[in-house]
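Enquirer: Take a look at this one; I'll ask things after.
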Amino acid sequence: MSIAQNIEIVKTNIEKACIRAGRNPEEITLIGVTKTHGADIINEGIAGGLSHIGENRVQELCEKYEEIKKGVHIHLIGHLQSNKVKYIADKVDLIHSLDSGSLAKEISAQAVKKGRIIDTLVQVNISGEESKSGIAPEELDYLLEYVETLPGIKIKGLMTIPPIDAGDMITSRKVFEKLRILFEKKKEERYNNTVMQHLSMGMTNDYEIAIEEGSTIVRVGRAIFGNR
Ligand SMILES: *Cc1c(COP(=O)(O)O)cnc(C)c1O
């Protein structure tokens with residue numbers, strides 16, 4: 001299978017999941033996760049129909065950035081350290097891994113320096129696994145309130161990664177459902193600088209389940225680019 005064929009298969013699976021869930025496929029953004037792959041492979045993905053790509057490491061993104069075809073939307077999906085924000089502040093369209101007030105403050109400061117506003121998603125650790133990054137659901141209000149004071153950052157939704165051992169699909173589905181319930185609750189509340197628009201959940205093993213549970217952004221690597 002070529003990368004373009006894999007993208008077609010994933011898009012078809014997204015459509016089928018939408019039909020099962022009574023949703024419109026246009027609500028779903030497919031991110032091709034390109035970590036570990038070189039710019040040539042990434043550009044093949046773009047030519048094959050990807051308009052969004054995701055990288056999880058700042059250094060790796062910066063190394064490949066100049067060679068990646070312009071115009072594609074770039075997502076930072078991995079854990080982000082405050083001291084690295086400056087390297088990507090002019091490169092990314094959406095940061096999925098906002099997980100602290102201090103990171104929000106630095107993203108805002110770097111965005112202001114670049115004369116822009118950076119969109120983010122709050123990463124929430126739904127399962128409570130200690131190894132997972134992301135804030136606890138109880139910490140979300142504090143972060144939303146804090147971001148009201150920052151001029152260079154917007155929160156556009158929530159993101160989660162289910163526990164690694166959730167080869168068990170029931171666990172993933174529960175995690176996705178819990179995030180959606182939290183998302184819908186926060187959507188009703190009003191905060192400056194926050195619009196609850198996106199739910200980033202679902203990867204190669206579980207993107208169809210995530211769509212059935214309300215995901216609007218799926219982050220798919222291996223099903224498109226093969227095993228890493
Ligand atoms: C690697 C990665 C993905 C993609 O995982 P696949 O199993 O290859 O689809 C999605 N989200 C994050 C945060 C990742 O690090």
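Enquirer: Using alpha-carbon positions, what is the distance between the centroids of the range 6-62 and the range 103-150, in Å?
Expert: Taking the Cα centre of the range 103-150 as reference, the centre of the range 6-62 is 24 Å away.
Enquirer: Projected onto the charge dipole of the chain (+1 at Lys/Arg Cβ, -1 at Asp/Glu Cβ, origin at the Cα centre), which of L182, T12, C62 gives the Cα projection farthest towards the positive end?
Expert: With unit charges placed on the Cβ atoms, the residue in question is C62.
Enquirer: Further question: Through the Karplus equation 6.51 cos²θ - 1.76 cosθ + 1.60, θ set to phi - 60°, convert the phi angles of the range 39-46 into ³J(HN,Hα) values in whole Hz; use x for Gly and Pro.
Expert: Residue by residue, the range 39-46 yields 4, 5, 5, 4, 5, 5, x, 5 Hz.
Enquirer: In debye to the nearest 20, how big a dipole does the chain give about its Cα centre with +1 on each Lys and Arg Cβ and -1 on each Asp and Glu Cβ? Write down the numbers at each step before the final one.
Expert: Numbers: 30 positive and 33 negative charges, 89 e Å.
With only Lys, Arg, Asp and Glu charged at Cβ, the dipole is about 420 debye.
Enquirer: Using the beta-carbon distance between S2 and R57 and R0 = 30 Å, what value does 1/(1 + (r/R0)^6) give for FRET efficiency, to the nearest 0.05?
Expert: That gives a FRET efficiency of 0.70.
Enquirer: Apply the a/c threshold of 1.5 to the C-alpha gyration tensor of the chain and tell me whether it is rounded, prolate or oblate.
Expert: It comes out oblate by the Cα gyration axes.
Enquirer: Something else about it: Need the full-extension length gain, S133 to Y65, defined as separation in residues times 0.36 nm minus the C-alpha distance. One decimal, nm.
Expert: Separation in residues times 0.36 nm, less the Cα-Cα distance, equals 22.0 nm.
Enquirer: First measure r as the distance between the Cβ atoms of Y142 and Q81, then evaluate 1/(1 + (r/R0)^6) with R0 = 22 Å and state the FRET efficiency to the nearest 0.05. Before the final figure, lay out each step's value.
Expert: Numbers: r = 21 Å, r/R0 = 0.93.
Plugging the Cβ-Cβ distance into 1/(1 + (r/R0)^6) gives 0.60.
Enquirer: With n ≥ 4 as the cut-off for DSSP H runs, can you work out [θ] at 222 nm for the chain, using -39500 (n - 2.57) per run divided by the number of residues, rounded to the nearest 500? Could you put the intermediate results ahead of the total?
Expert: Values: 9 runs with 91 residues, N = 228.
Per the formula, -12000 deg cm²/dmol.
Enquirer: In the chain, with Lys and Arg counted as +1 and Asp and Glu as -1 at Cβ, which of these residues, I153, G71, N205, has the Cα nearest the positive end of the dipole, that is, farthest along it?
Expert: G71
Enquirer: Given N residues in the range 1-108, what is its alpha carbon radius of gyration divided by 2.2 N^0.38 Å?
Expert: 1.18
Enquirer: Another one. Of all the accessible heavy-atom surface of the range 3-225, with the other protein chains kept in place and a 1.4 Å probe, what percent is carbon and sulfur?
Expert: That fraction is 49 percent.
The values are calculated or read from the model by the stated rules, or taken from the named source; none is laboratory data. These numbers were taken from a predicted model, which means no experiment stands behind them. With ideal geometry, Cβ positions are generated from the backbone for all residues, glycine too; neighbour counts draw on all protein chains shown. SASA here: full protein model, heavy atoms, side chains in, ligands and nucleic acids out. Shrake-Rupley method; radii C 1.70, N 1.55, O 1.52, S 1.80 Å.
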